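See below for the structure under consideration.
The values are calculated or read from the model by the stated rules, or taken from the named source; none is laboratory data. Keep in mind it's a predicted model, so treat the numbers as computed, not measured. Cβ: placed from backbone, ideal geometry, glycine included. Neighbour counts: every protein chain shown.
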Amino acid sequence: MAARRIQALMGAVVAGAASLAPSMAQAQEGGTDSATVQALLACREIAEPQARTACLDARVADFATALDEGRLVVVERSRIRAVERESFGIALPSMAALSNVFGGGEAEEAVPETETLDDGTTVVYRAGGGVEELRGAPVASVDTDPYGKFIVTLENGQVWRQSDSTRVRSVRARHMDGLTADISTGLFGSMSMRLSHSGPSFKVERLR
């Protein structure tokens, strides 16, 4: 279910050529830099007004052609961020490629970014694209499976299951008021969660 939602959202992102803002355009092929966009931006360096105007006219025409032919898409950063949040903890082969194409900026210039959502969750985005960590994500419910492992449902709809044998303090009804979860990525794609009612962090896997 989660994978279908994410795939649909990714489709909407790739189809979202809604504006002609060159600073937000990236190529679908040939790496993260688009020659079409770079040629358009290079026109700004031309000092002579008539020559600069002629350059812009030609390059904008190339830009429009690239959009019409599907070689170039224009996507708002907020749409990419939404895909990255939806896919956090789910292995989608196309997700890494999407983040690399639309991440923007050179690796040496990129720095991690944070965003605070309406529900109070702080999202940490890694420099190379994708989500590194969720902090303070509101928890809707905490259950246990037949093996005594936690199943944590967040208010954003994500469901996570404990995947190790760490002994964690039971979550009582009195803990649910304001209960939040911190979820972070580790080595080799492992995921860890810590609940705010105290207790150690434990390994988790995303169910949906």
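Would you check if there is a residue in segment 124-140 being hydroxyl-bearing (Ser, Thr, Tyr), closer than 19 Å to Ile90 by Cα and at pLDDT 95 or above? Step through it out loud before you land on a result.
First, pick out the residues of segment 124-140 that are hydroxyl-bearing (Ser, Thr, Tyr): 125.
Then keep just the ones that are closer than 19 Å to Ile90 by Cα; that gives 125.
Cutting the leftovers down to at pLDDT 95 or above gives us none.
Within segment 124-140, none of the residues are hydroxyl-bearing (Ser, Thr, Tyr), closer than 19 Å to Ile90 by Cα and at pLDDT 95 or above.
Can you tell me how many residues in segment 128-185 are of a type in the set (S, T, N, Q), over 16 Å from Thr116 (Cβ atoms) and outside any strand (DSSP E or B)?
Count: 5.
Which one is surrounded by the fewest Cβ atoms within 10 Å (Cβ to Cβ), of the residues in segment 151-168 that are of a type in the set (A, V, I, L, M) and at pLDDT 95 or above? Reasoning before the result, please.
Filtering segment 151-168 down to residues of a type in the set (A, V, I, L, M) leaves 151-152, 154, 159, 168.
Of the ones still in play, those that are also at pLDDT 95 or above are 151-152, 154, 159.
Numbers: Ile151: 15, Val152: 24, Leu154: 20, Val159: 18.
Among residues in segment 151-168 that are of a type in the set (A, V, I, L, M) and at pLDDT 95 or above, the one surrounded by the fewest Cβ atoms within 10 Å (Cβ to Cβ) is Ile151.
Every residue in segment 39-94 that is closer than 28 Å to Glu133 by Cα and of a type in the set (S, T, N, Q), please.
Ser78, Ser87, Ser94
Consider segment 169-208. How many of its residues are of a type in the set (A, V, I, L, M, F, W, C) and loosely packed, with under 13 Cβ neighbours inside 10 Å?
The number of residues fulfilling the criteria is 3.
Within the bounds of segment 136-150, is there any residue that is closer than 24 Å to Ser87 by Cβ, crowded, with 19+ Cβ neighbours inside 10 Å and within 21 Å of the chain's Cα centre (by Cα)?
yes
Here's a check for you: in segment 63-96, which residue that is of a type in the set (A, V, I, L, M, F, W, C), at pLDDT below 85 and closer than 24 Å to Leu41 by Cβ is surrounded by the fewest Cβ atoms within 10 Å (Cβ to Cβ)?
Val74
Looking at Val101, Val60, which one is modelled with pLDDT of 85 or more, aliphatic (A, V, I, L, M) and not in a loop (DSSP other than H, G, I, E, B)? Quick ask: steps written out before the conclusion?
Details: Val101 fails: modelled with pLDDT of 85 or more.
Exactly one residue qualifies, and that residue is Val60.
If you check Ala39 against the conditions, is it among the small types (Gly, Ala, Ser), at pLDDT below 80 and in contact with an Asp or Glu (Cβ under 9 Å, 6 or more places away or on another chain)?
No; evaluated as a whole, the condition is false for this residue.
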